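Enquirer: Sharing a structure with you now.
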Amino acid sequence: MNAYNSKYLRAVAPFFVLAASAFVMTLIVGLIAALKVAIPSISHSILAFERIRPLHTLFPIVGVISGIFGWISFMSHKQPKKYTLLVTWICFALLAFFVSSASLSLLMGQFSGREYFSWPPILTLPLFLSLILMIILLFNRASYLSKKSPEGFWLIGFGLIFITIGLSESVLWLLPTIGNNIVKDLTVKWHSIDSFFAGLNAFLYGVGVFILQKEAKPLRKWPLYLIAVGGLLFTFGHHHYASPQPNILKILALIASIIGMFSFVKHFRIYRKTKIKFNEATLLAILFRSVELWTIVSFGSGILFAIPQINLIVHGTYLVVIHAMGSMIGVELILVFAAGFSIFKVHNLRVAKRIKWATKFLNISLALMWLLLSVVGFTKGIMRFNSDFYTYNKVIQPFLYLLPVLGGLLAVAIGTLSYELLHILLKPNKALLQYFTPQETEEKPVSKVAFVSHNRFLKYFKK
């Protein structure tokens with residue numbers, strides 16, 4: 001272990017340690033929240049839902065951002081500049097300060113009252129500063145990254161810009177001209193949320209492109225990217241169709257969602273064509289095929305929920321909750337794990353098998369969760385037109401007893417993935433350090449058949 005490898009390994013690994021730890025905290029808080037939902041009679045003083053829910057949204061956001069920062073740190077340290085290591089550690093300190101301060105504030109009942117961005121607004125500052133520093137690190141590697149994968153670099157660059165826009169907009173409600181106007185407040189709030197999560201998704205898809213593509217591909221024609229940006233900028237409007245926002249925003253939101261059908265069809269075709277044998281496929285092929293599956297579900301449900309008549313039924317129900325959960329867990333969380341396992345290699349076949357089966361178990365558990373909350377959501381959405389809360393709640397409450405059970409199954413799957421990543425990170429060996437040499441290296445296939453399965457996946461992914 002030479003000084004070069006050891007120094008930069010210590011700078012990259014903490015981000016993925018924080019990411020995996022944040023996902024574990026998400027599981028713990030999520031199980032507590034599910035228990036409270038299933039058994040509302042539990043004393044409010046023991047489980048106060050208004051404190052549990054913000055924590056349940058804070059930790060996955062931190063986990064995904066930490067994974068993103070870890071990947072930027074990794075790419076920056078391949079050919080580092082003098083200040084790279086210092087900036088990386090400052091970013092990690094800022095992110096650690098943010099999550100610890102935000103968690104403590106929420107536990108003490110100090111909220112912003114906003115959805116997703118629930119922490120006190122002042123704590124957005126360290127998160128924003130860490131983001132700016134990471135942008136500087138990333139764009140210092142612009143020449144290398146754009147040559148390695150123009151499409152991947154476009155996605156991660158565009159993603160970082162959208163994350164920054166969303167985070168900046170999240171505090172605009174503090175301005176009286178916005179905060180005192182409910183329509184403007186709703187419009188800016190949902191635009192910030194959509195921009196932020198669209199940025200996270202775009203960045204992580206870009207990471208996926210870098211991992212999978214072995215040769216650089218030229219960018220597609222610029223109008224396609226313009227359409228993609230326009231679609232992501234305007235989908236926010238369907239979140240509050242019922243509000244008196246300008247009609248043009250509602251129309252643009254519907255058009256943007258319809259445009260999403262093209263991506264839905266593309267991902268569906270990729271998923272159908274990449275049929276691989278589960279036991280013989282490489283680890284990354286399994287993870288990325290899972291991402292494709294939940295991308296399809298996310299696109300499909302998003303398009304469906306954007307139809308005004310259907311939106312009227314599903315809005316404010318558990319269908320929206322599971323749509324968000326499916327996107328966060330099935331796409332963003334798995335992509336963070338894929339990034340981690342692509343950097344810190346899995347060389348033990350038993351570990352690889354456990355990760356594969358944990359991924360399969362995650363897919364099954366999340367699908368069952370989708371089924372449960374779909375039944376509950378549609379039941380509530382339809383019954384509330386002609387019934388009051390007490391009437392439809394008696395019908396849906398028995399179904400919610402299953403929520404902690406399915407949450408427990410999901411926790412086992414994500415917990416296993418988190419454990420395996422943490423185990424690799426906290427007990428490094430010589431194999432891990434090979435990736436930190438100046439030469440580019442590739443993952444060694446576990447078998448000839450597995451190599452073929454992985455290449456088959458890459459072939460259709462590149463299309």
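Enquirer: With respect to Gly237, determine if the residue is touching a residue at least 40 places away in the same chain (Cβ under 8 Å), small (Gly, Ala, Ser) and either over 27 Å from Met134 (Cβ atoms) or outside any loop (DSSP other than H, G, I, E, B) (or both).
Expert: yes
Enquirer: Restricting to the range 352-394, give me the number of residues that are under 24 Å from the mean Cα position of the chain (by Cα) and hydrophobic (A, V, I, L, M, F, W, C).
Expert: So the count comes out to 15.
Enquirer: Another question, then. Could you tell me whether Leu212 is within 30 Å of Ser342 (Cβ to Cβ) and hydrophobic (A, V, I, L, M, F, W, C)?
Expert: In short, yes.
Enquirer: Is it true that Ser100 is closer than 22 Å to Ala19 by Cβ, at pLDDT 90 or above and buried (at least 18 other Cβ atoms within 10 Å of the Cβ)?
Expert: On the way: closer than 22 Å to Ala19 by Cβ: yes; at pLDDT 90 or above: yes; buried (at least 18 other Cβ atoms within 10 Å of the Cβ): no.
Here the answer is no, as Ser100 does not meet what is asked.
Enquirer: In addition: List the residue pairs whose Cβ atoms are under 6 Å apart, where the first residue sits in the range 63-78 and is more than 12 Å from Phe92 (Cα to Cα) and in a helix (DSSP H, G or I), the second is aromatic (Phe, Trp, Tyr) and modelled with pLDDT of 95 or more, and the two are 6 or more positions apart or on different chains.
Expert: Correct list of pairs: Gly63/Phe23.
Enquirer: Yes or no: Leu131 closer than 30 Å to Gln213 by Cα, part of a helix (DSSP H, G or I) and touching a Cys at 6+ places or on another chain (Cβ under 9 Å)?
Expert: Numbers: closer than 30 Å to Gln213 by Cα: yes; part of a helix (DSSP H, G or I): yes; touching a Cys at 6+ places or on another chain (Cβ under 9 Å): yes.
Here the answer is yes, as Leu131 does meet what is asked.
Enquirer: Yes or no: the range 191-201 includes at least one residue that is of a type in the set (S, T, N, Q), closer than 26 Å to Phe305 by Cβ and outside any helix (DSSP H, G or I). Give the steps one after another, and end with the answer.
Expert: Filtering the range 191-201 down to residues of a type in the set (S, T, N, Q) leaves 192, 195, 201.
Now narrow it down to the ones that are closer than 26 Å to Phe305 by Cβ: 192, 195, 201.
If we keep only those that are outside any helix (DSSP H, G or I) too, we end up with none.
No; the residues of the range 191-201 include none that is of a type in the set (S, T, N, Q), closer than 26 Å to Phe305 by Cβ and outside any helix (DSSP H, G or I).
Enquirer: Additional query: Return only the number of the condition from (1) in a helix (DSSP H, G or I); (2) among the charged types (D, E, K, R); (3) in contact (Cβ under 8 Å) with a residue 12 or more places away in the chain that Arg350 does not satisfy.
Expert: (3)
Enquirer: Continuing with this model, one more query. Just checking, which of Ser192, Ser168 is at pLDDT 90 or above and in contact with an Asp or Glu (Cβ under 7 Å, 6 or more places away or on another chain)?
Expert: Step by step, each of Ser192, Ser168 is checked, and only Ser192 is at pLDDT 90 or above and in contact with an Asp or Glu (Cβ under 7 Å, 6 or more places away or on another chain).
Enquirer: Of the residues that sit in the range 373-388 and are without any contact (Cβ under 8 Å) to a residue 12 or more places away in the chain and surrounded by 14 or more Cβ atoms within 10 Å (Cβ to Cβ), which one is farthest from His315 (Cα to Cα)? Explain how you work it out, then say what you get.
Expert: At the first step, the residues of the range 373-388 found to be without any contact (Cβ under 8 Å) to a residue 12 or more places away in the chain are 384-388.
Those still in the list that are surrounded by 14 or more Cβ atoms within 10 Å (Cβ to Cβ) too: 384, 387.
Details: Arg384: 11, Ser387: 16 Å.
Result: Ser387.
Enquirer: What are the pairs, 6+ residues apart or on separate chains, where a residue within the range 99-114 that is free of Cβ contacts under 8 Å to residues at least 40 places away in the same chain has its Cβ under 8 Å from a residue that is surrounded by 15 or more Cβ atoms within 10 Å (Cβ to Cβ) and of a type in the set (Gly, Ala, Ser)?
Expert: These pairs meet every condition: Ser112/Ser118.
The values are calculated or read from the model by the stated rules, or taken from the named source; none is laboratory data. Note that this is a predicted model, so its numbers are computed, not measured. With ideal geometry, Cβ positions are generated from the backbone for all residues, glycine too; neighbour counts draw on all protein chains shown.
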